[in-house]
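Participant: Structure below; questions to follow.
Please treat every number below as a calculation from the coordinates, not as lab data. Keep in mind the model is a prediction, meaning the values are calculated, not measured. Backbone-built Cβ (ideal geometry, glycine too); neighbour counts: all protein chains shown.
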Amino acid sequence: MDNINWASILFTALLVLILFMIIYMRRAMKKNMTYLNETDFANVMRKGQLIDIRKKELFDEGHINGARNIPLGTLNRSFSKLRGDQPIYLVCADGKACKRATMLLVSKNFSDVYSLEGGISSWTKPLKVKK
């Protein structure tokens, strides 16, 4: 019976720890990420690193001029391509993938992360198409 009690206590402690980590990461993400509407994003995106995290195929179909393509799936291997002393402006398809990218960036001590609200689907300005 003692084993069952210890197992229950350890299991509960593990669940509490996981919950604490989730809350901490969400707060850190919100603190370090700001959504910008299209106008504000267009006004500041040249003051930092403009990163499109969509897959290469989607990037080639149309992207904001000056954006670098670092797909979300490769972002965790591409931190050396990013400068820590400049803001990062993220673009994804609909604004949702930027949350995951921000969590990765924050975990590697990047700050000042901005995201285009609504993603590239909300961008009404011309896009550059890769030929």
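Participant: Once the piece of chain linking A93 and T12 is laid out straight, how much longer is it, given 0.36 nm per residue of separation minus the C-alpha distance between them?
Facilitator: On the way: separation 81, 0.36 × 81 = 29.16 nm, distance 3.83 nm.
Between A93 and T12, full extension yields an extra 25.3 nm.
Participant: Counting only residues 5 or more places away or on other chains, whose amide H sits under 5 Å from the amide H of Y89 once H atoms are built in the peptide plane?
Facilitator: Long-range HN contacts for Y89: Q49, L50, I51, Y114.
Participant: Could you give the C-alpha radius of gyration of the chain expressed as a fraction of 2.2 N^0.38 Å, taking N as the number of residues it contains?
Facilitator: Working: Rg = 18.6 Å, N = 131, 2.2 N^0.38 = 14.0 Å.
Taking the Cα Rg and dividing by 2.2 N^0.38 Å, one obtains 1.33.
Participant: With +1 on each Lys and Arg Cβ and -1 on each Asp and Glu Cβ, and nothing else charged, work out how big the dipole of segment 33-122 is about its Cα centre, in Debye to the nearest 20. Mind dumping the intermediate values first?
Facilitator: Working: 13 positive and 10 negative charges, 89 e Å.
It works out to roughly 420 debye.
Participant: In whole Hz, with x marking every Gly and Pro, tabulate ³J(HN,Hα) for segment 47-52 from phi via Karplus 6.51 cos²θ - 1.76 cosθ + 1.60, θ = phi - 60°.
Facilitator: 8, x, 9, 9, 10, 9
Participant: Also: Apply the Karplus curve 6.51 cos²θ - 1.76 cosθ + 1.60, θ = phi - 60°, to the phi angles in segment 69-79 and return the couplings in whole Hz, x for Gly and Pro.
Facilitator: Working through the residues one at a time gives 9, 10, x, 3, x, 10, 4, 5, 9, 10, 4 Hz.
Participant: Okay, moving on. Mind listing the long-range amide H neighbours of N69? Cut-off is under 5 Å, sequence gap 5 or more, other chains count too, H placed in the peptide plane at 1.01 Å from N.
Facilitator: D52
Participant: Let me ask you something else. Report, in degrees rounded to the nearest 10, the 0 to 90 angle that the Cα long axis of helix 97-107 makes with the longest principal axis of the chain.
Facilitator: 60 degrees
Participant: While we're looking at this one, here's another question. For the chain, what is the percent of antiparallel DSSP beta bridges, rounded to the nearest 5? Before the final figure, lay out the partial values.
Facilitator: Values: 1 of 14 bridges.
Here the share of antiparallel DSSP bridges comes out near 5 percent.
Participant: I'd like the orientation of helix 2-32 relative to the chain: the angle between its Cα long axis and the longest Cα principal axis, in ° from 0 to 90, rounded to 10.
Facilitator: Here the helix axis deviates by roughly 20 degrees.
Participant: Is it possible to state the helix-based mean residue ellipticity at 222 nm for the chain, with each DSSP H run of 4+ residues giving -39500 (n - 2.57), the sum divided by total residues, to the nearest 500 deg cm²/dmol? What is it? Write down the numbers at each step before the final one.
Facilitator: Values: 5 runs with 59 residues, N = 131.
Computed mean residue ellipticity for the chain: -14000 deg cm²/dmol.
Participant: Moving to a separate point now. With the crude spin-label approximation of a point 7 Å out along Cα→Cβ, what separation in nm comes out for T39 versus N5?
Facilitator: According to this spin-label approximation, the distance is 6.5 nm.
Participant: Here is a further query. Taking a 23 Å limit on the Cα-Cα distance, which of the listed pairs K47/K108; K47/K81; K47/K128; K108/K131; K47/K131 fall beyond it?
Facilitator: K108/K131; K47/K131
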